[in-house]
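**Q** Structure in structure tokens, see below.
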Amino acid sequence: MEKKWQAIFFDFDGVILDSVHVKTRAFAKMFRDYGPEIEKRVVDYHLAHGGVSRFEKFRYFYEEFLRKPVTDAEIEKLGEQFSDLALEEVLNSPFIEGAGKTLEQVRKENILSFVVSGTPGEEMKQIVNLRNLWPYFKEVHGSPTHKDEHVRDIAKRYDLNLANCLFIGDSTTDYEAAMAAGTQFLGVVPKGKSSPFPEGTTIRHKLDINH
């Protein structure tokens, strides 16, 4: 490893588990009854805004695509429906290539590691628990708190120099959180997919912090 990071912040879907497609199918199914055009717009927006809370997306879909008012209670219900559709598939999703090896390396190196996800916090903790991943992470966090806020809060509590910390993500939301918080950034981009990140961003086609 070129350098010993003080801490690493991991997004989850698309970084630890190959589960982005699960969330895409869930969004598509939930808006299918509104017709193929709306379904496509929902999927395209979801894919372009990975890492954004599903609740923020639901509000955007209703207000901007459907032009319908939506209450907080309705959004909460939509979130529950989404969880019912996606949770089992997420739990059965395979690891991203290199994820298991990287997590073992981080643990062996005694590098502080944290999950900072757009998935609701309690659901994220449940997934980590059911996948037996708690030994690899000091803390696990999700929405509604934004990722950069989580990072800054963790840094304050653990006395971290964020310039010596790494954020690993697969979306522009992750990149923006890293820039806002002041960490270094590593993007995970599947083979065959174009990078969503600014030119010059360090990317890998699998989870690997070694070069």
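The values are calculated or read from the model by the stated rules, or taken from the named source; none is laboratory data. Given the structure is predicted, the values throughout are model-derived calculations rather than measurements. For neighbour counting, all protein chains shown are included, and Cβ atoms are generated from backbone atoms with ideal geometry for every residue, glycine included.
**Q** Within the range 187-209, is there a residue that is buried (at least 19 other Cβ atoms within 10 Å of the Cβ), at pLDDT 95 or above and part of a helix (DSSP H, G or I)?
**A** No, that holds for no residue.
**Q** Moving on. Of the numbered conditions (1) under 15 Å from residue 16 (Cβ atoms); (2) among the β-branched types (Val, Ile, Thr); (3) part of a helix (DSSP H, G or I); (4) touching a Phe, Trp or Tyr at 6+ places or on another chain (Cβ under 6 Å), residue 127 fails exactly one; give the number of that condition.
**A** (4)
**Q** Which of the following residues is among the hydroxyl-bearing types (Ser, Thr, Tyr) and without any contact (Cβ under 8 Å) to a residue 24 or more places away in the chain: 194, 117, 171?
**A** Numbers: 117 fails: without any contact (Cβ under 8 Å) to a residue 24 or more places away in the chain; 171 fails: without any contact (Cβ under 8 Å) to a residue 24 or more places away in the chain.
Going through 194, 117, 171 in turn, just one is among the hydroxyl-bearing types (Ser, Thr, Tyr) and without any contact (Cβ under 8 Å) to a residue 24 or more places away in the chain: 194.
**Q** Now for a separate question. Go through (1) crowded, with 16+ Cβ neighbours inside 10 Å; (2) not in a helix (DSSP H, G or I) and name the single condition residue 31 misses.
**A** All conditions pass for residue 31, except number (2).
**Q** Now a separate question. Which of the residues spanning the range 52-77 are touching a Phe, Trp or Tyr at 6+ places or on another chain (Cβ under 9 Å) and outside any helix (DSSP H, G or I)?
**A** 52, 66, 68, 69, 70
**Q** Which condition from (1) touching a Lys or Arg at 6+ places or on another chain (Cβ under 9 Å); (2) modelled with pLDDT of 95 or more is the one that residue 5 breaks?
**A** Of (1) touching a Lys or Arg at 6+ places or on another chain (Cβ under 9 Å); (2) modelled with pLDDT of 95 or more, only one is false for residue 5: (1).
Here is a yes/no grid of residues against (1) at pLDDT below 95; (2) in a helix (DSSP H, G or I); (3) small (Gly, Ala, Ser); (4) in contact with a Leu (Cβ under 7 Å, 6 or more places away or on another chain):
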position	(1), (2), (3), (4)
24	yes, yes, no, yes
27	no, yes, no, no
79	yes, yes, yes, no
90	yes, yes, no, yes
